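The values are calculated or read from the model by the stated rules, or taken from the named source; none is laboratory data. Note that this is a predicted model, so its numbers are computed, not measured. Reconstructed Cβ throughout: ideal geometry from the backbone, glycine too, with neighbour counts over all protein chains shown. Please note that ligands, DNA and RNA were not included when accessible areas were found on the heavy atoms of the full protein model with its side chains. Shrake-Rupley method; radii C 1.70, N 1.55, O 1.52, S 1.80 Å.
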Amino acid sequence: MKRKDIMKVLAILMVSVLLSMPFSGCTATKKGNDTTNTSTSAAKSTTEKQEESSQPDTANEPAWKKDTSPITLDWYCNYSWQLSGDAWQKTKVGQYVTEKTGVSINFIAPAGNETEKLNTMIVSNSLPDLLTGDSTDPLFRKIMESGLAYSLNELADKYDPYFYKVIDKDVFAWHKAEDGNSYGYANWAYGPESLTRYPNAIEGTTTFLVRKDIYEAIGSPDMRTQEGFLNALKAAREKYPKINGQPIIPLGFHDFGDSGCRSIWMGTFFKSLLSEYLAQPKARDGKITDRLTDPDMVNWIKTLRDANEMGLISKEVFIDKDAQIREKVAQGRYFALMYQRSDMIAQNTALYQTNPDSAYIAIDPPSNTKLDKCTITVGGLQGWCITLISKKCKNPERAIKYMTYRLSDEGQRDTYMGKQGETWDIIDGKEQFLPEINDLLVKDKTTFDNTIGGVYGAYQLLNFIKSKTWEAPQVEPNKQVWDWTLDKTICEPQFDDLIPLPSSEEGIIDTKISNKWGAVLPKLILAKSAAEFDTLFNQFITERNAAGYDKLMAAWQKKYEENKAKLGLK
């Protein structure tokens with residue numbers, strides 16, 4: 001085992017041991033706020049004022065309106081790209097929300113590895129007031145299961161029953177723990193009925209992209225088959241060997257990492273763009289499928305090996321990380337990309353503004369042997385990320401009331417649009433951004449994010465369905481790639497949350513297999529012959545099975561059946 005792998009396992013074991021020990025700070029006792037965060041007229045401590053509250057606020061009015069005194073809440077977001085410090089507070093939306101509620105948010109972002117940062121905070125018992133991270137992140141699940149977070153329903157019962165009027169009850173119930181409490185609330189969460197209620201309104205992110213001018217110059221070929229795919233890459237390289245003096249990169253991917261590549265395959269059950277291109281079912285006849293060994297998947301990974309043998313895959317794709325990939329997208333150096341449209345909006349917009357024909361468009365991707373339309377998984381009751389109120393929160397009463405505000409229709413509009421008359425107004429009978437604000441959003445999203453802060457700037461508690469009310473019409477070049485996904489989306493919450501806890505026996509198996517796959521995937525693509533590919537692939541399957549893959553699949557199957565029961569599915 002490599003040293004970094006040993007360190008990962010030790011870190012996970014350390015967290016598991018420490019979380020099983022009683023924390024002196026994990027009680028329901030409430031600490032007073034710093035004097036800098038309280039009104040000068042507030043002579044009593046927060047704890048004293050809370051103890052004097054004999055009755056909770058009623059469910060008929062928002063409780064946050066009764067106390068808008070200044071307070072700062074520390075909010076950790078487990079994403080390195082999160083605006084840190086007071087950056088959001090300097091935006092128009094951030095300032096307006098504070099002006100209205102009295103709550104200032106000090107966002108905290110990890111400077112490096114997210115898992116290491118969160119591990120450190122857990123081990124040192126220094127969790128901030130609120131936390132947000134992936135709803136499937138095992139460490140967030142561990143925080144909730146180990147008594148380090150407040151039960152949101154208990155806080156709502158005590159301080160703010162109005163909370164129950166603003167939540168999506170199905171989403172809240174989906175995240176209920178075995179003890180009957182819900183410790184977190186998920187954003188971007190909805191069920192299959194939402195796709196029926198909002199047809200062609202919920203877009204996906206999975207796309208297969210080509211540079212428009214090059215694609216059209218080689219005859220707009222069908223790239224769904226292996227032959228068409230390879231011929232198109234070859235034609236693009238021959239016709240355009242260089243882009244602005246630099247070698248063309250015929251095919252690009254997401255970055256390769258310890259557990260594989262999101263474009264091709266990652267981890268064990270983790271979805272990949274290629275699996276969605278191929279419309280692979282996650283289960284057949286009620287049984288979880290082994291999608292990696294599906295003949296279509298194997299044949300397409302072999303096709304990538306063929307592409308490399310033909311000189312159509314640049315060696316840099318195996319080492320480039322997100323920053324380098326996006327830089328090369330901005331340079332227009334890729335011909336084709338197995339990539340998410342949402343990760344290159346700014347770069348594609350910049351290309352379009354320079355030369356509309358140089359932007360990337362979505363086309364039909366590599367397909368299964370039946371040439372079925374691809375299926376793009378979206379949403380689900382699990383949502384994208386989950387927000388918790390930690391037991392270290394200095395004022396859980398204000399935190400739950402602020403969460404209620406953010407989840408309400410009013411709070412959703414405020415955090416998406418800002419202040420009426422300043423950033424938005426009713427135009428042609430519709431609530432929408434002022435023309436100059438919308439123009440900034442379309443043409444310079446980075447500046448919009450840093451100065452306005454709306455739309456997805458407050459993503460942590462965003463109700464994706466409600467946001468459709470204010471969503472501006474898409475414009476080119478991103479309209480085409482957005483529209484392309486609309487009739488291909490599927491919602492399958494029965495497959496949510498299958499990933500086992502890393503400290504469990506199945507979780508250790510999962511990590512071990514994922515790391516083995518991450519190591520072998522580049523070797524498969526770089527294999528010098530089809531025979532060498534088969535040897536490497538078969539050896540991986542043997543090692544995967546020996547590591548306990550059957551036990552891992554049994555855990556997936558059990559959770560899948562539990563999810564179906566919760567959803568009332570057969």
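Some points to look at:
- Pairwise FRET efficiency - A283 versus E61, Cβ, R0 = 41 Å, nearest 0.05: 0.35
- Relative counts (whole %) of C-alpha pair distances in the range 422-494, using bins that are 10 Å wide: 15, 44, 33, 8, 0
- Mean residue ellipticity at 222 nm, helices only, the chain: -12500 deg cm²/dmol; runs of at least 4 DSSP H residues each add -39,500 (n - 2.57), and the sum is divided by the number of residues.
- Å² of accessible area per residue within the range 218-331, as computed with a 1.4 Å probe and no ligands counted: 41
- When the alpha carbon gyration tensor of the chain is reduced to an equivalent ellipsoid, the three semi-axes, largest first, read 42, 30, 21 Å.
- Given charges at Cβ of Lys, Arg, Asp, Glu: the range 156-285 dipole, positive-most of V210, P247, G257: P247
- A 1.4 Å probe, protein heavy atoms only, puts the accessible area of D510 near 20 Å².
- Axial C-alpha extent at least 15 Å, average Kyte-Doolittle at least 0.0 - helices from the chain (DSSP): 3-19, 505-526
- The range 413-570: C-alpha pair distances exceeding 19 Å, %: 72
- Cα-Cα over 28 Å, subset of K391/K570; K100/K142; K142/K551: K391/K570; K100/K142
- Rolled with a 1.4 Å probe across the full set of protein chains, the surface gives M297 an accessible area near 0 Å².
- Spatial separation of Cα centroids for the range 204-268 and the range 314-333, in angstrom: 12
- Low-density loop positions, trypsin sites (Lys or Arg not before Pro), the range 282-338 - DSSP coil, at most 15 other Cβ in 10 Å: K321
- Paramagnetic label reach from Y79 (point 7 Å along Cα→Cβ; backbone nitrogen cut-off under 14 Å): within the range 269-291, no residues.
- Zone of V475's modelled label, taken as backbone nitrogen in the range 318-362 under 20 Å from a point 7 Å along Cα→Cβ: 342-362
- Inter-part distance where the range 136-190 and the range 468-487 are each reduced to a Cα centre, Å: 32
- Whole-number percent relative contact order across the range 297-377, with pairs defined as alpha carbons under 8 Å at least 6 apart: 20
- Cβ-Cβ distance of K419 and Q246, R₀ of 41 Å, FRET efficiency by 1/(1 + (r/R0)^6): the value works out to about 0.35.
- Bridgeable lysines around K443 (alpha carbons under 17 Å apart, same-chain partners fewer than 8 residues away excluded): K479.
- Relative contact order of the chain: 22 percent, from C-alpha pairs under 8 Å at least 6 residues apart in sequence.
- Fraction of beta bridges assigned by DSSP in the chain that are antiparallel (%, nearest 5): 65
- Put K468, K165 in order of accessible area, highest first, and with a 1.4 Å probe you get K165, K468.
- Rounded if a/c under 1.5, otherwise prolate or oblate - the range 357-432, Cα gyration tensor axes: oblate
- Separation between Cα centres of the range 87-130 and the range 340-419, rounded to whole Å: 19
- Relative contact order %, the range 271-411, counting alpha carbon pairs below 8 Å whose residues are six or more apart: 32
- Relative pair counts by distance (%), Cα atoms of the range 306-416, 10 Å bins: 10, 23, 26, 21, 14, 5, 0
- D550/D444 FRET efficiency (R0 45 Å; Cβ-Cβ; nearest 0.05): 0.30
- Net charge of Cβ neighbours under 14 Å - reference N244; Lys, Arg +1; Asp, Glu -1: +2
- Kirkwood Rh (inverse of mean 1/r, distinct Cα pairs), the range 117-239, angstrom: 19.2
- Cα-based Rg and Dmax for the range 334-473, where Dmax is the largest Cα-Cα distance (Å): 19.0, 58
- Accessible area of E476 (1.4 Å probe, protein heavy atoms only, ligands and nucleic acids ignored): about 80 Å².
- Solvent-accessible area, 1.4 Å probe, carbon plus sulfur percent, for the chain: 51
- Residues E397, E431 ordered from highest to lowest accessible area at a 1.4 Å probe: E431, E397.
- Dimensions of the range 470-532 based on its C-alpha atoms, expressed as ranges along the principal axes with the largest first, amount to 46, 38, 16 Å.
- Rg ratio for the range 236-314: its Cα radius of gyration over 2.2 N^0.38 Å, N being its residue count, equals 1.33.
- Built amide H within the under 5 Å cut-off of T72, gap 5+: S104
- Within the straight-line cut-off of under 23 Å between alpha carbons, the lysines reachable from K370 are K271, K282, K287, K302, K488, sequence neighbours fewer than 8 places apart in one chain being disregarded.
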